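The values are calculated or read from the model by the stated rules, or taken from the named source; none is laboratory data. A quick note: this is a predicted structure, and the numbers were derived from the prediction, not measured. In this analysis, Cβ positions are derived from the backbone assuming ideal geometry, glycine residues included, and neighbour counts consider all displayed protein chains. We work out accessible area using only protein heavy atoms, side chains counted, and drop any ligands, DNA or RNA first. Shrake-Rupley method; radii C 1.70, N 1.55, O 1.52, S 1.80 Å.
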Amino acid sequence: MVISEFGRTFRENGNRGTDHGHGSVYWLLGGGVRGGRIAGEQVKINQENLFQNRDYPVLTDYRELFAGLFARAYGLDNNLLQQVFLSVKPRDLALI
């Protein structure tokens, strides 16, 4: 799994750029990946849904996603997951 936290804004910032926006991309590679789809929550891109009127909202906490993947891939129960991801509820998107 590869994660990128770099994001671009939908609107220009004070310097007329679009850098330092919210965003994450997760790439999952391997033979057991259930791909060919967009997984997770999606929202319409409109003014009401933009964070601070310029950024796409963060809809997936990477810790929840990692915990869900580790639980599925390695059969970890919630007690073991809590040792690594304290107070995080695993999110299983059935990616593998």
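Working note: Cα gyration tensor of the chain, eigenvalues times five, square-rooted, sorted largest first, giving semi-axes of 30, 15, 12 Å.
LEU28 contributes an accessible area of around 50 Å² to the protein surface, as traced by a 1.4 Å probe with all chains present.
The order of LEU95, LEU86 by accessible area, most exposed first and with a 1.4 Å probe, is LEU86, LEU95. Taking the chain as a Gaussian network of alpha-carbon nodes connected by springs under 10 Å, the highest mean-square fluctuation of the residues ARG16, ARG54, ARG34 belongs to ARG16. Can you give the local net charge around ARG16? Use residues other than it whose beta-carbon is closer than 15 angstrom to its beta-carbon, Lys and Arg +1, Asp and Glu -1. My count for the surroundings of ARG16 gives +1.
When shorter helices are ignored and each DSSP H run of at least 4 residues is given -39500 (n - 2.57), the per-residue value for the chain at 222 nm works out to -6000 deg cm²/dmol. With a 1.4 Å probe rolled over the protein heavy atoms of all chains, the accessible area of ASP19, ASP92 falls in the order ASP92, ASP19, largest first.
Solvent-accessible surface (1.4 Å probe) assigned to TYR62 amounts to roughly 110 Å². Within the range 1-79, the GluC sites (Glu not before Pro) that combine a DSSP coil assignment with at most 15 other C-beta atoms in a 10 angstrom radius are GLU5, GLU12, GLU41.
Ligands, DNA and RNA aside, THR60 has an accessible area near 30 Å² when probed at 1.4 Å. Extension gain ALA39-GLU12, at 0.36 nm per residue separation less the Cα-Cα distance, in nm? Full extension from ALA39 to GLU12 adds 6.9 nm.
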